[in-house]
Amino acid sequence: MNIELRQINKRYGNTHALRELDLSISDPVNVLVLIGPSGGGKSTLMRLLGGLESPDGRELFFDQKKLIQNESALLSHRRQNGYLFQSYNLFPHLSAIENVELPLVRVHGKTPSEARNLAEIALAQFQLEKHAHKHPAQLSGGQQQRVAIARALAIKPKLLLLDEPTSALDPEMTAEVLSVIEELTRSGQQIILSTHEMGFARAVAEQVVFLSEGSIIEQGPPAALFDQAQNAQVKSFFSKVMRY
C-alpha cells in the first residue's frame, strides 16, 4: 500500500472535518487502521481515500500517482476499491446473491452469468451459500454484514475500505465479522479500517493512525502506539477505552 497525503483539508460548511493532514504509508504495510474519538475525522478520511469525496485543494497520491480530482479519475479509482460502511447498504428487495451481483453487472460490466459465478464464489467464501436467496430481513446482522463484505470483495478490489464495520452489531456478531476481517488480513488483502475495537486494531494493524478533531495526533506500528504513545491525548484515550 502506497499512500501519501499532503496538507489535506476538508470542510462541510463551517465544519472543518480534516485539518492540514500529512500522511505517508508505504510497502510493506497492507493493513492501515484509523482510531480515535468519534467525530475525529476517521470516516471523512476514509471517504477521501476511497475517492467518494474530494479534498479542499492539495494532493493525494496512490502508488506514486496523483489522484486527479475530477469525476472520470475518481470513478476509475472507485472501481478499484471495495467499500463497507457502518450501515450494510443492502437493497432490501434483493436477495443476498442479487445484492452481490448488482454492482458486478451495473458498475463493472460483467455479464449476468459471470456475475452469478463471482457472487456464488464470494458468498461461499463466507459460508453464506445456504442464505444466498434470502432477503436481508431474513438474515441476522452478522450475516448481512458478511454479505456486504462478500459484495465488496467480489470485484477483487485492490483496496478494501471498512468504516466501523461492527458498529451496529451485538458482541457475538461483532466477533463473527471481526474473524472474517482477520482472515482477510492474513490473505494479503490491502485494507484501510476504522474501528473502536482496540484489541482488534492492535491485532491486525501494521500501521495505526490516531485522529482527533480532524488532525492526525500520532501514527506508528501498533506496539509503539499502544504501549509507548508519546502524545498525552492518545495516552488519555487509551487509559479510558482499554480500562475494562
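Of the residues making up segment 11-45, those that are over 19 Å from the mean Cα position of the chain (by Cα) and in contact (Cβ under 8 Å) with a residue 40 or more places away in the chain number 5.
A residue that is in contact (Cβ under 8 Å) with a residue 40 or more places away in the chain and surrounded by 13 or more Cβ atoms within 10 Å (Cβ to Cβ) can be found somewhere in segment 61-73. In the set (1) of a type in the set (A, V, I, L, M, F, W, C); (2) open to solvent by less than 50 Å² (accessible area, probe 1.4 Å); (3) in a loop (DSSP other than H, G, I, E, B), the condition left unmet by Leu45 is number (3). Of all the residues in segment 108-135, those that are touching a Pro at 6+ places or on another chain (Cβ under 9 Å) and either in contact (Cβ under 8 Å) with a residue 60 or more places away in the chain or open to solvent by 90 Å² or more (accessible area, probe 1.4 Å) (or both) number 0.
Scanning segment 8-42 for residues that are buried (at least 22 other Cβ atoms within 10 Å of the Cβ) and in a loop (DSSP other than H, G, I, E, B) yields Gly36, Gly40, Gly41. In the set Ile192, Ile181, only one residue is among the β-branched types (Val, Ile, Thr), open to solvent by less than 70 Å² (accessible area, probe 1.4 Å) and either within 29 Å of Arg11 (Cβ to Cβ) or at pLDDT 95 or above (or both); that residue is Ile192. When residues in segment 136-153 are screened for being closer than 19 Å to Thr185 by Cα and open to solvent by 10 Å² or more (accessible area, probe 1.4 Å), 3 of them pass. All conditions but one from (1) open to solvent by 10 Å² or more (accessible area, probe 1.4 Å); (2) in contact with a Phe, Trp or Tyr (Cβ under 8 Å, 6 or more places away or on another chain); (3) aromatic (Phe, Trp, Tyr) apply to Phe210; the one that does not is (1). Of everything in segment 177-206 that's part of a loop (DSSP other than H, G, I, E, B) and without any contact (Cβ under 8 Å) to a residue 60 or more places away in the chain, which residue is nearest to Ile3 (Cα to Cα)? Looking at the filtered set, the residue picked out is Ser187. Yes or no: segment 75-90 includes at least one residue that is under 30 Å from Lys130 (Cα atoms), hydrophobic (A, V, I, L, M, F, W, C) and part of a strand (DSSP E or B). Checked against the condition, which is being under 30 Å from Lys130 (Cα atoms), hydrophobic (A, V, I, L, M, F, W, C) and part of a strand (DSSP E or B), segment 75-90 yields at least one hit.
Here Ala175 meets the list (1) farther than 23 Å from Gly40 by Cα; (2) modelled with pLDDT of 90 or more almost entirely, failing just condition (2). Checking each residue in segment 146-174 for being assigned to a helix (DSSP H, G or I) and under 18 Å from Leu104 (Cα atoms) picks out Arg146, Val147, Ala148, Ile149, Ala150, Arg151, Ala152, Leu153, Ala154.
The values are calculated or read from the model by the stated rules, or taken from the named source; none is laboratory data. All of these numbers come straight from a predicted model, not from anything done at the bench. Reconstructed Cβ throughout: ideal geometry from the backbone, glycine too, with neighbour counts over all protein chains shown. SASA here: full protein model, heavy atoms, side chains in, ligands and nucleic acids out. Shrake-Rupley method; radii C 1.70, N 1.55, O 1.52, S 1.80 Å.
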